[in-house]
1. Checking the condition in contact with an Asp or Glu (Cβ under 6 Å, 6 or more places away or on another chain) and part of a loop (DSSP other than H, G, I, E, B), which residue from 180, 204 passes?
2. Please determine whether any residue of region 262-282 is among the charged types (D, E, K, R), more than 22 Å from residue 379 (Cβ to Cβ) and out of contact with any helix residue (DSSP H, G or I) (no Cβ under 9 Å at 6 or more places or on another chain).
3. Would you check which residues across region 395-417 are surrounded by fewer than 24 Cβ atoms within 10 Å (Cβ to Cβ), assigned to a loop (DSSP other than H, G, I, E, B) and not hydrophobic (A, V, I, L, M, F, W, C) and list them?
4. Quick check on my filter: what residues within region 275-299 are open to solvent by 10 Å² or more (accessible area, probe 1.4 Å) and assigned to a helix (DSSP H, G or I)?
5. Residues to consider are 229, 214; find the one that is assigned to a helix (DSSP H, G or I), among the acidic types (Asp, Glu) and either within 24 Å of residue 273 (Cβ to Cβ) or more than 24 Å from the chain's Cα centre (by Cα) (or both).
6. Condition check: closer than 22 Å to residue 388 by Cβ, at pLDDT 95 or above and more than 26 Å from the chain's Cα centre (by Cα). Does residue 45 satisfy that?
7. When the residues of region 316-343 are filtered to those that are open to solvent by less than 10 Å² (accessible area, probe 1.4 Å) and in a helix (DSSP H, G or I), which remaining residue is farthest from residue 124 (Cα to Cα)?
8. Restricting to region 66-87, name every residue that is under 25 Å from the mean Cα position of the chain (by Cα) and buried (at least 21 other Cβ atoms within 10 Å of the Cβ).
Amino acid sequence: MTPGHPPARPGSAPVPDPTADQATEDAMSNATTVSPAHSASTASTLITNIAVLVTNDPSLGDGSPLGLVHDAAVAIEGDRVVWTGDHSKAPATDNRVDAGGRAVLPGFVDSHSHLVFAGDRTQEFNARMSGRPYSAGGIRTTVAATRAASDGELEANVTRYLAEALRQGTTTFETKSGYGLTVEDEARALRIAAAHTDEVTYLGAHIVPPDFADDPAGYVALVTGEMLDACAPHARWIDVFCEQGAFDGDQARAILTAGKARGLHPRIHANQLSHGPGVQLAVELDAASADHCTHLTDADVDALAHSRTVATLLPGAEFSTRAAWPDARRLLDAGVTVALSTDCNPGSSFTSSMPFCVALAVRDMGMTPDEAVWSATAGGAAALRRTDVGRLTPGARADLVLLDAPSHVHLAYRPGVPLVSGVWRRGKRVM
């Protein structure tokens with residue numbers, strides 16, 4: 001494995017991102033070559049007596065994609081991991097934390113969420129569970145509520161759901177705009193999101209809002225013009241809902257291409273509700289991820305397998321809409337890199353729980369527990385083209401989850417049980 005790059009899982013070979021911050025790449029590469037003794041000499045905290053440590057580095061431990069180290073310890077200095085290994089060889093440190101024979105894994109990386117919103121869609125969910133199918137139109141309900149909300153109300157919602165996710169082990173997350181759909185409302189959504197994460201996505205192209213119902217071309221022009229100008233300074237990514245009832249392939253290409261010209265990298269809602277051009281467009285434009293990927297042709301799977309684009313699967317959406325499950329097994333066996341995320345949003349996937357999504361992926365999408373945990377950590381990092389999170393090796397950010405269980409497999413084995421008993425983010429224990 002190349003130091004500083006996401007490790008491979010079975011059937012995948014993520015390609016390093018040449019656009020990544022070179023300083024981060026250099027720091028990661030240097031850190032992984034420092035001798036354990038030197039690294040440990042200034043370590044401030046040691047977490048020891050770990051039954052199973054998930055490193056996501058195949059060069060460590062048992063040599064599996066998860067790089068499992070048994071009877072392990074992790075040393076932290078500042079916000080970085082500086083040593084991992086057998087607990088009997090652990091260095092002396094200022095502070096020691098006894099894991100009590102429990103499992104430790106990297107913090108979850110949730111690479112797809114929609115947290116800047118207002119309002120409630122309980123009635124819609126209740127009706128859907130009573131037989132009405134999901135469609136993109138329900139988004140308009142949230143758009144109306146979000147436009148009417150104050151900045152303070154939106155900020156309070158974001159803070160609430162991030163705290164909820166953190167308690168369940170999510171230490172890195174992406175979130176989008178998309179519920180304002182005016183220049184002012186999209187820009188303020190991104191400003192609010194950017195106060196909480198660097199992984200901010202401009203999704204002005206979520207749907208065509210009611211005020212442009214008779215002029216979709218005019219709305220595309222707004223999204224690629226004045227709205228993009230206002231939003232680009234606050235975002236890293238640009239996204240589009242490429243789907244029947246939202247934006248077609250030509251519109252999506254125009255939107256993502258305009259974003260790329262402004263320095264925003266593409267991601268795309270692709271092939272969720274039906275077969276369509278989304279996945280092929282994602283690969284064509286080197287999108288970091290194609291998200292949902294429920295309805296795929298063999299050509300779509302092959303295109304993903306021969307690209308850097310990650311297939312991000314969002315089982316919370318299928319759970320909440322009773323839609324067909326994505327076939328993760330098909331993707332994995334073809335060599336596609338897969339991420340798992342929550343898609344936390346008020347309409348189609350109102351969950352912030354990555355452990356819940358891991359359990360669903362194992363039960364209903366054909367993933368093994370190891371594959372699901374990798375996809376919820378290293379896979380999410382790959383979908384964000386991050387090399388500093390999603391793994392626990394020297395130089396990685398010290399984001400760790402302590403489970404009240406002896407193995408990571410318990411995330412699927414004991415679904416719905418609150419197993420996260422400790423969380424470290426940037427080296428500080430936050431739970």
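The values are calculated or read from the model by the stated rules, or taken from the named source; none is laboratory data. Everything numeric here is computed off the predicted structure, so don't read it as measured data. No Cβ is skipped: glycine too gets one built from the backbone with ideal geometry, and neighbour counts run over all protein chains shown. Ligands, DNA and RNA are stripped out before the accessible areas are found, and what is left, the full protein with its side chains, is counted by its heavy atoms. Shrake-Rupley method; radii C 1.70, N 1.55, O 1.52, S 1.80 Å.
1. Of 180, 204, the one residue that is in contact with an Asp or Glu (Cβ under 6 Å, 6 or more places away or on another chain) and part of a loop (DSSP other than H, G, I, E, B) is 180.
2. As a first pass, look at region 262-282 and keep what is among the charged types (D, E, K, R): 262, 267.
Narrowing further to those that are more than 22 Å from residue 379 (Cβ to Cβ): 262.
Next, from what is left, pick out any that are out of contact with any helix residue (DSSP H, G or I) (no Cβ under 9 Å at 6 or more places or on another chain): none.
Checked region 262-282: no residue is among the charged types (D, E, K, R), more than 22 Å from residue 379 (Cβ to Cβ) and out of contact with any helix residue (DSSP H, G or I) (no Cβ under 9 Å at 6 or more places or on another chain).
3. Residues satisfying the conditions are 395, 404, 406, 407, 414, 415, 416.
4. Within region 275-299, the subset open to solvent by 10 Å² or more (accessible area, probe 1.4 Å) is 275-277, 280, 283-286, 294-299.
Scanning region 275-299 gives 280, 283, 284, 298, 299.
5. Working: 214 fails: assigned to a helix (DSSP H, G or I).
Residue meeting the stated conditions: 229.
6. On the way: closer than 22 Å to residue 388 by Cβ: yes; at pLDDT 95 or above: yes; more than 26 Å from the chain's Cα centre (by Cα): yes.
Yes.
7. Among those residues, the one meeting the criterion is 332.
8. Within region 66-87, 66, 67, 68, 69, 74, 76, 81, 82, 84 meet the criteria.
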